[in-house]
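Trainee: I'd like to ask you about the structure that follows.
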Amino acid sequence: MRVICQVVNSAVLFESKSEISKIGRGLLVYAGFCENDNEQSILKIINKVCGLRVFSDSDGKLNLSLKDIGGQMLFVSNFTLYGDCSRGFRPSFVKSAKFDCAKKLYDFSYDRIKESGIDVYTGVFGGDMEIESCANGPVNIIIDSEEL
């Protein structure tokens, strides 16, 4: 699993021009799944994402988590995170998990985030989405299960 966590002041997700999800201050999380992912590796990532201390405290230090600030999360599937650009100019997505497998892993991830008590919203798995966000910082963190 590979995620990009972006600290945002707000984010809105649309599919087919219809608003699907909207959050205020929190994290916009793009999640991609690979063929080697399993529930154990996903739990490590979800635990890390839910506990990330990437929000400023009263001294201006990145020291607070999403729960600490009462923030929200927009959790979006993104198979392109496993795009391999090592050869040529067109990315290869052979490392991305196949649709059915990725959908199960995405649903598992969402359920674990929800169980953690975070106010989490989603996009449309496999959908053609548009996302408007107001980045804060900017703060962007990449987490990869192969590095944990």
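The values are calculated or read from the model by the stated rules, or taken from the named source; none is laboratory data. Only a predicted model underlies this, so the values are computations on that prediction, with no experimental measurement involved. FYI the Cβ positions are ideal-geometry reconstructions off the backbone, even for glycines, and counts take in every protein chain you see.
Trainee: Kindly indicate the residue of the stretch 36-68 that is touching a strand residue (DSSP E or B) at 6+ places or on another chain (Cβ under 7 Å), of a type in the set (A, V, I, L, M) and within 15 Å of Lys114 (Cα to Cα) and also surrounded by the most Cβ atoms within 10 Å (Cβ to Cβ) among those meeting that condition.
Mentor: Result: Leu66.
Trainee: Return the total of residues in the stretch 129-148 being surrounded by 14 or more Cβ atoms within 10 Å (Cβ to Cβ), of a type in the set (S, T, N, Q) and part of a strand (DSSP E or B).
Mentor: 2
Listed here are the residues, each with its yes/no results for (1) out of contact with any Leu (no Cβ under 9 Å at 6 or more places or on another chain); (2) more than 12 Å from Asp144 (Cα to Cα); (3) aromatic (Phe, Trp, Tyr).
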{"position": "Glu15", "(1), (2), (3)": "yes, yes, no"}
{"position": "Lys22", "(1), (2), (3)": "no, yes, no"}
{"position": "Ala31", "(1), (2), (3)": "no, no, no"}
{"position": "Ile42", "(1), (2), (3)": "no, no, no"}
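Residues checked against (1) of a type in the set (Val, Ile, Thr); (2) modelled with pLDDT under 95:
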site	(1), (2)
Leu28	no, no
Glu35	no, yes
Ile45	yes, no
Leu62	no, no
Ile69	yes, no
Asn78	no, no
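Trainee: Give the stretch 47-72 a look and list any residue that's under 17 Å from Ile141 (Cα atoms), without any contact (Cβ under 8 Å) to a residue 24 or more places away in the chain and either outside any helix (DSSP H, G or I) or touching a Lys or Arg at 6+ places or on another chain (Cβ under 6 Å) (or both), or say none.
Mentor: Matches in the stretch 47-72: Arg53, Ser56, Lys61, Asn63, Leu64, Ser65.
Trainee: Can I ask one more? Output the number of the condition that Phe75 fails; it satisfies all remaining conditions of (1) free of Cβ contacts under 8 Å to residues at least 12 places away in the same chain; (2) part of a strand (DSSP E or B); (3) aromatic (Phe, Trp, Tyr).
Mentor: (1)
Trainee: As an exercise: evaluate Leu81 against (1) in contact with a helix residue (DSSP H, G or I) (Cβ under 8 Å, 6 or more places away or on another chain); (2) surrounded by 13 or more Cβ atoms within 10 Å (Cβ to Cβ) and give the number of the one condition it does not meet.
Mentor: Checking Leu81 against (1) in contact with a helix residue (DSSP H, G or I) (Cβ under 8 Å, 6 or more places away or on another chain); (2) surrounded by 13 or more Cβ atoms within 10 Å (Cβ to Cβ), the one that fails is (1).
Trainee: Now for a different question. Looking only at the stretch 24-35, how many residues end up being touching a helix residue (DSSP H, G or I) at 6+ places or on another chain (Cβ under 8 Å) and either surrounded by fewer than 21 Cβ atoms within 10 Å (Cβ to Cβ) or under 14 Å from Thr122 (Cβ atoms) (or both)?
Mentor: Final tally of qualifying residues: 7.
Trainee: Of the residues Gly117, Gly126, which single one is modelled with pLDDT under 95, surrounded by fewer than 16 Cβ atoms within 10 Å (Cβ to Cβ) and out of contact with any Cys (no Cβ under 7 Å at 6 or more places or on another chain)?
Mentor: Values: Gly117 fails: modelled with pLDDT under 95.
Residue meeting the stated conditions: Gly126.
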